[in-house]
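So the structure is just underneath, and the comments pick up after that.
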Amino acid sequence: MRNGFSVSSSSEFVNEIRDDAREALFHYHATACFRPGRGLRAWTRPAILGRIKSARRFALDLADGWQDHPADPQPQEHTPLDLALAAVGVCSLKTAIAGGSARGITFDSIEMVVSAEVQPQEEDFLPTARVRRIAYDITTRSDADAGLIEEVTRQILDRSPNHRTVKDTTELHFHAGERELGWSPAAIPAGASGGRTVRRHVKWISGTQFESAGLDAGGCRLPLRVDEAKQFAGVDWAPNPQEYVVLALAAELASLAAREQEAATGSAGTWSVHAHGLLDLRGLMLVDPAAAVGFQTIGCTVDRPAGLGADEADRYFRTAVERSALVELLALPHPVEVRLSSDERETLRAAAGR
Amino acid sequence: MSEQDRTAVGFRAGLEDDAQWLNDLKRRRNPGPRSVHHRAVDPSLGAATVAVHGGTYEDPVTGAVGTPVFQTSTFLLDDLSYSAFERGATRDVPIYTRYGNPSQWSVQEKAAALEGAESALVTSSGMSAIASTIYALTNNGSHIVTAYDVYGGTYNLMREDMPSAGREVTFVDSTDLAAVEAAIRPETQLLFFESLTNPLLKAPQLRAIADIAKRHDALLVVDNTFLSPVNLRPLDLGADVVVHSATKYLNGHSDVTAGVVAGSRKFVDRVWAQALRFGGTTEPLACYLLERGLKTLALRMRAHNDNAERLAAFLDGHEKVLAVHHPSLDHYPHQHLREDVLGGYGGMVAFEVAGGDDAALKFCSALRIPYLATSLGGVESLVSLPFNTSHCSLTTAQRASIGIRPGLVRYSAGVERAEDLVADVARALETI
């Protein structure tokens, strides 16, 4: 085992998906539910990993951003943005470790501070803060020379699925029942700058296991665990980076739709949002150059509150989609800056993305 | 004789990697593990030939015709061993017997060839095989569908261990396809059924159940203990994994406790890793006995099949027998089995004697040939009564609800002369 990874298993998987593309298609699912008075909860649902189902039972209570106590000095719940940033950071580091393991590198440690500049909350106080730019500060210690580490780490810019989803344009789809809801992503204002920075520390433990903790005063500082399914090199310790994306997206939309209803009518009902996304491992592993690298085909389906008409529910949900920071983060291309430290030495300042 | 190489075929391909990225990795899943010294037989050969020759270790040093007994717990370390550790390929190099041993590889290769599988794993018991398979192929939060009349050891595992392991289990009538499909949930990962049930010999429609499993992205695991691969190959019918209590027909001599798991290398490697952690290793000496037993599997199954059919035919319509459960009989309710089996239905016959359990006890004590003992599949006939053995924890009413009525006898026909077994049963019936 190298870095807690079985290189042999990785090799077998690469050759399996080379022979049978369907085995490369991993579908991840999550549901989030906002209940008035009880808050926001999100959970993973079974994943389909190629032809194998993996029951994934992880649930998180999350900060909804408007119903929670605003003055809590030590919040115990993460925001959907916390989940999304952890997902992006871990996916990038995991890509570096997987690639490094294939190249024979043994890592002592690899960690990152992922930071996002976000705009102040919208004036009409929808509880979302739009991300303007992201930076990775990566620190590694390994047996490899700095040049090789730099090369491998830079490869995440092309090959990390969640990173590519943030960096590139990604299609998102939204449904109410069987009906697809049209929507238009809000454009990023030219030259817009963030109002504050959200930072998370991401630390590799072993194999596919990571932890990510918030670094900001006033934010939730409890560590988030990240892992993979045991069918894919993990130990079922926690959701994987793609599951965190769908967890975060479903949660933010459920919360925003409820908030929109509350703002319009004075009360909110129970909103459930089911999110899914597709990861084609042929992209990350360069098995098929035509395969998408990014986490893709992301979609959400909303269950409207009991007693709420379809047109009214569509209106609230569409507003939630169009004002969602995470929808914007995933759908539109965002600039990402990468800074790498190897041992004590600052070796790379690479600007990536747009 | 071949050049000496103790590693599994395909292992060295992974050592040549000069990978720049993951797509450059060369190792593939290979059938086995088997070394170049383990005989790989043509799968189109008959079961009798496969049973004799499959997996035999052809020793490059001595030229021994039979597989040597590699009675060792550990092996010399060398660069190949270290490479296996580094790359996570420790199933492919003999390092430590809990991980793998050429004696195990011989049995595994033979069992895999008989089941038409890429890979097999030999374990310390049938329950070790079943537990390792179920744990390996499910996750916390998953759901399993199985039969309410599944083997008692499996039932206990499902009922007593799965809830605390985060797996929920639904028990259904395995012959009711609608009930099987209705039990499926989004989180259902595994359907576990027996090819022939104990003791009433009910036969689930495995082809249809395999289709249900595939439609729901679930895996079908089949316990093929009662039929053996000579009579039925569940993988050919769409199952994903086959398990056996090798203690029974596969070994066939009532002198070894062992289990077997067979399927694709992808799945069996996972079960191997689980069994490795659970510690369900099979000793080399037991492997030697099991491999020797397997060589005569086809011969023995022919005798088991014939003897059970002869007994069933004799018992059916006997004035002191109220019911006979055997697939060879015209009134057997699961006629689809006749299209699926390759050779016969195994050695088990279940029947109800007139006079209830007291009469059954009297019948058993009057028998002169079979031993009164649990288990099955040995060369010697065995007889037991479900009411005071496998199903003793159930009330009379509970037993009746699953078809086990008073007077039920479970007779495992061995390989003795059929006429002797029939005469013995006839004589014993006269005493009740």
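Structure above, values below:
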{"item": "Members of the range B:235-275 that are of a type in the set (F, W, Y) and in contact with an Asp or Glu (Cβ under 7 Å, 6 or more places away or on another chain)", "result": "B:F267"}
{"item": "Pair list, Cβ under 7 Å, 6 or more apart: the range A:321-339 residue of a type in the set (S, T, Y), other residue at pLDDT below 90 and not in a helix (DSSP H, G or I)", "result": "A:S324/A:T128"}
{"item": "Residue, nearest to the other protein chains (Cβ to nearest Cβ), within the range B:8-67, restricted to residues that are within 28 Å of B:G344 (Cβ to Cβ), among the small types (G, A, S) and not in a helix (DSSP H, G or I)", "result": "B:A40"}
{"item": "Any hit, the range A:32-49, residues being within 14 Å of chain B (Cβ to nearest Cβ) and over 16 Å from B:G141 (Cβ atoms)", "result": "no"}
{"item": "Those residues of the range A:53-66 which are aliphatic (A, V, I, L, M) and out of contact with any Phe, Trp or Tyr (no Cβ under 9 Å at 6 or more places or on another chain), in sequence order", "result": "A:A55, A:L62, A:A63"}
{"item": "From A:T79, A:T106, residue being within 14 Å of another protein chain (Cβ to nearest Cβ) and over 30 Å from B:T138 (Cα atoms)", "result": "A:T106"}
{"item": "Count of the range A:32-63 residues which are in a loop (DSSP other than H, G, I, E, B) and surrounded by 24 or more Cβ atoms within 10 Å (Cβ to Cβ)", "result": "3"}
{"item": "Qualifying positions in the range B:109-144 - in contact with a strand residue (DSSP E or B) (Cβ under 9 Å, 6 or more places away or on another chain) and either among the acidic types (D, E) or without any contact (Cβ under 8 Å) to a residue 60 or more places away in the chain (or both)", "result": "B:E109, B:E115, B:E118, B:T138, B:N139, B:G141, B:S142, B:H143, B:I144"}
{"item": "Residue in the range A:287-301 that is assigned to a loop (DSSP other than H, G, I, E, B) and at pLDDT below 95 present", "result": "yes"}
{"item": "Selection from the range A:256-272 of residues that are at pLDDT 95 or above, closer than 13 Å to A:C300 by Cβ and surrounded by 24 or more Cβ atoms within 10 Å (Cβ to Cβ)", "result": "A:A257, A:W271"}
{"item": "Any hit, the range B:14-25, residues being in contact with a Leu (Cβ under 9 Å, 6 or more places away or on another chain), surrounded by fewer than 23 Cβ atoms within 10 Å (Cβ to Cβ), touching a residue at least 40 places away in the same chain (Cβ under 8 Å) and under 30 Å from B:D223 (Cα atoms)", "result": "no"}
{"item": "Test: residue in the range B:367-378 that is assigned to a loop (DSSP other than H, G, I, E, B) and polar (S, T, N, Q)", "result": "yes"}
{"item": "Contacts under 8 angstrom Cβ, first residue in the range B:231-242 being within 12 Å of B:E115 (Cβ to Cβ), partner surrounded by 24 or more Cβ atoms within 10 Å (Cβ to Cβ) and of a type in the set (S, T, Y), 6 or more apart", "result": "B:N231/B:Y345; B:L232/B:S195; B:P234/B:S195; B:V241/B:T133"}
{"item": "Unique match (being at pLDDT below 95 and within 14 Å of chain A (Cβ to nearest Cβ)) among B:S83, B:S132, B:S119", "result": "B:S83"}
{"item": "Sole residue being part of a helix (DSSP H, G or I) and of a type in the set (G, A, S), chosen from B:A350, B:A313", "result": "B:A313"}
{"item": "Test for B:E115: is it within 12 Å of the chain's Cα centre (by Cα) and more than 17 Å from B:V256 (Cβ to Cβ)", "result": "yes"}
{"item": "Filter pass, B:S132 being buried (at least 21 other Cβ atoms within 10 Å of the Cβ) and either of a type in the set (F, W, Y) or touching a Phe, Trp or Tyr at 6+ places or on another chain (Cβ under 7 Å) (or both)", "result": "yes"}
{"item": "Within the range B:43-81, tally of residues that are surrounded by 18 or more Cβ atoms within 10 Å (Cβ to Cβ) and more than 32 Å from the chain's Cα centre (by Cα)", "result": "1"}
{"item": "The listed residue being assigned to a helix (DSSP H, G or I), touching a residue at least 12 places away in the same chain (Cβ under 8 Å) and within 14 Å of another protein chain (Cβ to nearest Cβ), out of A:E12, A:E23", "result": "A:E23"}
{"item": "Conditions (1) touching a residue at least 60 places away in the same chain (Cβ under 8 Å); (2) within 29 Å of B:Y82 (Cβ to Cβ); (3) among the polar types (S, T, N, Q): number failed by A:S54", "result": "(2)"}
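The values are calculated or read from the model by the stated rules, or taken from the named source; none is laboratory data. Remember, predicted model here, so these are calculated numbers, not experimental data. Cβ: placed from backbone, ideal geometry, glycine included. Neighbour counts: every protein chain shown.
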